[in-house]
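Shown next, in structure tokens, is the structure this report addresses.
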Amino acid sequence: MSAFNIYMSGVGGQGIGMLAEVLSRACLDAGHRLMGCDTHGLAQRGGIVVSHLRLGDESLTPRVPQGEANLIIALERLEAVRAADEMLADGGTVVYYDTSYQPIHVRMGETEYPPSARVEEVASRRGGRVERVALDGIDDPRMQNVALLGRVAALGAIEGVDRARLAKALEGSIPAAALEKNMELFGRAADG
């Protein structure tokens, strides 16, 4: 596989680490060579958290270069806009959960919170595709990352990483007590 870059972004406490772990497991199971890194920064204070995954033999560093993300997965709308603006490759895909978990710079009045249409507007500048996810009945907002994984599976967004591989990786990453609800949500997002 030629280089394929995945950039994940959210706010501390939303589950970027688990999202990256599941994607890494599924990509390795599909036979991809991968490198990755996380930046946790102000995660405990509601700050931005990002994770980088790079697939293929051509990647020399674990960080996705600016403007080279083939796939962006964002756990809230402002992070989807920011990531698309800074990181999206020409023709890339943005999959985001349409919720407004306001990062600290919004709460401090440094940034205005964007409407959903802004994600489309920013991605369209690079010929990007946008997939908005918003499901009813999620008891715990920390499960929104699982909904995004379901939609990534439905889109076939990563070569060789299908629904079965992602489900297997989820089963190996989620504690038994929460597994049934998460797998049900994953299935709903993959089917919808």
Ser2 vs (1) farther than 19 Å from Gly150 by Cβ; (2) crowded, with 19+ Cβ neighbours inside 10 Å; (3) polar (S, T, N, Q): all pass except (2)
Would you mind stating whether Ala89 is of a type outside the set (Lys, Arg), at negative phi and more than 17 Å from the chain's Cα centre (by Cα)? no
Here the residues within the stretch 93-114 that are among the polar types (S, T, N, Q) and part of a loop (DSSP other than H, G, I, E, B) are Thr99, Ser100, Gln102, Thr111
Give me a count of the residues in the stretch 149-177 that are part of a helix (DSSP H, G or I), under 18 Å from Glu21 (Cα atoms) and in contact with a helix residue (DSSP H, G or I) (Cβ under 8 Å, 6 or more places away or on another chain). 13
Sort out which residues of the stretch 70-92 are in contact with a strand residue (DSSP E or B) (Cβ under 6 Å, 6 or more places away or on another chain), in a strand (DSSP E or B) and not polar (S, T, N, Q), and write them in order of number. Leu71, Ile72, Ile73, Ala74, Leu88, Ala89, Gly92
Out of all the residues in the stretch 127-142, which are touching a helix residue (DSSP H, G or I) at 6+ places or on another chain (Cβ under 9 Å) and either in a loop (DSSP other than H, G, I, E, B) or in contact (Cβ under 8 Å) with a residue 60 or more places away in the chain (or both)? Gly128, Ala134, Leu135, Gly137, Ile138, Asp139, Asp140, Arg142
Which members of the stretch 37-61 meet the condition of being closer than 18 Å to Asn5 by Cβ and either assigned to a loop (DSSP other than H, G, I, E, B) or at pLDDT 90 or above (or both)? Val50, Ser51, His52, Leu53, Arg54, Leu55, Gly56, Asp57, Glu58, Ser59, Leu60, Thr61
Which residues, counting only those in the stretch 106-120, are surrounded by 14 or more Cβ atoms within 10 Å (Cβ to Cβ) and of a type outside the set (Lys, Arg)? Val106, Thr111, Tyr113, Pro114, Ser116, Val119, Glu120
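The values are calculated or read from the model by the stated rules, or taken from the named source; none is laboratory data. Nothing here was measured: the structure is a model prediction, and the numbers come from that model. Every residue, glycine among them, receives a Cβ derived from its backbone with ideal geometry; neighbour counts consider all protein chains shown.
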